[in-house]
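The values are calculated or read from the model by the stated rules, or taken from the named source; none is laboratory data. Please read all numbers here as calculations on a predicted model, not as lab measurements. Cβ sites come from the backbone with ideal geometry, for glycine too, and all protein chains shown count toward neighbours. For accessibility, only protein heavy atoms count, side chains too; no ligands or nucleic acids. Shrake-Rupley method; radii C 1.70, N 1.55, O 1.52, S 1.80 Å.
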Amino acid sequence: MTTNVVSISPGVSVRNAIAMMLQNHVSGLPVIDDQSRVCGMVTEGDLLLRREVRFAPRPARASELISEIDLERYIGRNGWCVADIMSQDVIVARPDSEVSDIAESLQVHRIKRLPIVEDERLVGIVSRRDILRVIAEAPTAVLPRGDDAIRLAVRTRLRSDLGLTPQKVHVSVRNGQVTVDGQVESELKRRAIKVLVEGLGGIAGYKDRLLVSPVHSQD
């Protein structure tokens, strides 16, 4: 979580908001009201449809054909106050939220950052880049020493992660090198096994002896 958060107030001009994003190398800013509460987010996405980058004028329409959504879009494209263009439905998290939950929110809602709020006050922000740092710094699962222990650990992970029992694939280990024999239904499953084994720390190598034998349905 980044605690030194660059924020902005709703009364600031759009030009100043853009300047702050460019100067601080961020693609979005939380909008904070007078009580230091998050009341919105202004992002690069909110600015992509601005009238300054739309060269062709929109065709005129009768007033009765203009909907509430059309009016909101018009304000967002033409307004010069952060309050006019910001997204007001802000998804937030708490300081004790699980990283996995925050990452899922970023993915599901297709957003790049999540304000962290405590007692309705902004205390930090988590971005996609913060999640990437967690992934990069995560320790590799190191297998226990000894061929028998490695074999047991690989078999356990194959069963728990991919549902593969010893009856389907056979695991052998010699001097730390893992060999997997057997038949799988698809090349994708073969790749998944390779990824699983090679992702385990402490092995000396991986030898793939799997055969791909697609299962054909019987009519």
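When you go through 149, 192 one by one, which is the residue that is more than 30 Å from residue 39 (Cα to Cα) and within 23 Å of the chain's Cα centre (by Cα)?
192
Filter region 128-147 for residues that are buried (at least 17 other Cβ atoms within 10 Å of the Cβ) and either in contact (Cβ under 8 Å) with a residue 40 or more places away in the chain or touching a Lys or Arg at 6+ places or on another chain (Cβ under 9 Å) (or both); which is farthest from residue 89 (Cα to Cα)?
Going through the qualifying residues, I end up with 143.
Can you tell me which residue within region 128-158, out of those that are of a type in the set (Gly, Ala, Ser) and within 26 Å of residue 103 (Cβ to Cβ), is modelled with the highest pLDDT?
Once the filter is applied, the top-ranked residue is 136.
Only one of these is touching a residue at least 60 places away in the same chain (Cβ under 8 Å), at negative phi and not hydroxyl-bearing (Ser, Thr, Tyr): 125, 150. Name it.
125
In region 2-20, what residues are without any contact (Cβ under 8 Å) to a residue 40 or more places away in the chain, surrounded by 11 or more Cβ atoms within 10 Å (Cβ to Cβ) and closer than 25 Å to residue 118 by Cβ?
Scanning region 2-20 gives 6, 20.
Test residue 45 against the criterion of being closer than 28 Å to residue 135 by Cβ and modelled with pLDDT under 90, and give yes or no.
Yes, satisfied.
Output the residues belonging to region 121-172 that are touching a Gly at 6+ places or on another chain (Cβ under 9 Å) and of a type in the set (Ser, Thr, Tyr).
127, 140
Residues 197, 184, 173: which one is on the phi < 0 side of the Ramachandran plot, touching a Phe, Trp or Tyr at 6+ places or on another chain (Cβ under 6 Å) and among the aliphatic types (A, V, I, L, M)?
When all the criteria are applied, what remains is 197.
Restricting region 148-199 to residues that are out of contact with any Lys or Arg (no Cβ under 9 Å at 6 or more places or on another chain) and among the hydroxyl-bearing types (Ser, Thr, Tyr), which is least open to solvent (accessible area, probe 1.4 Å)?
My answer is 186.
Can you list residue pairs whose Cβ atoms sit under 7 Å apart, with the first residue in region 77-99 being more than 13 Å from residue 41 (Cα to Cα) and basic (Lys, Arg) and the second being surrounded by 15 or more Cβ atoms within 10 Å (Cβ to Cβ) and modelled with pLDDT of 90 or more? Count only pairs 6 or more apart in sequence or on different chains.
Close Cβ pairs satisfying both conditions: 94/116; 94/117.
Can you name the condition, by its number, that residue 120 falls short on among (1) within 23 Å of the chain's Cα centre (by Cα); (2) within 24 Å of residue 1 (Cβ to Cβ); (3) among the charged types (D, E, K, R)?
All conditions pass for residue 120, except number (1).
Looking only at region 66-87, decide whether some residue is among the aliphatic types (A, V, I, L, M) and either within 23 Å of the chain's Cα centre (by Cα) or under 19 Å from residue 132 (Cα atoms) (or both).
yes
With the condition kept exactly as written, say whether any residue in region 101-120 is closer than 30 Å to residue 37 by Cβ, of a type in the set (D, E, K, R), open to solvent by less than 50 Å² (accessible area, probe 1.4 Å) and touching a helix residue (DSSP H, G or I) at 6+ places or on another chain (Cβ under 8 Å).
Yes, region 101-120 contains at least one residue that is closer than 30 Å to residue 37 by Cβ, of a type in the set (D, E, K, R), open to solvent by less than 50 Å² (accessible area, probe 1.4 Å) and touching a helix residue (DSSP H, G or I) at 6+ places or on another chain (Cβ under 8 Å).
Tell me, yes or no, whether region 50-63 has at least one residue that is over 22 Å from the mean Cα position of the chain (by Cα), modelled with pLDDT of 80 or more and either of a type in the set (Phe, Trp, Tyr) or open to solvent by less than 70 Å² (accessible area, probe 1.4 Å) (or both).
Looking for residues that are over 22 Å from the mean Cα position of the chain (by Cα), modelled with pLDDT of 80 or more and either of a type in the set (Phe, Trp, Tyr) or open to solvent by less than 70 Å² (accessible area, probe 1.4 Å) (or both), one finds at least one in region 50-63, hence yes.
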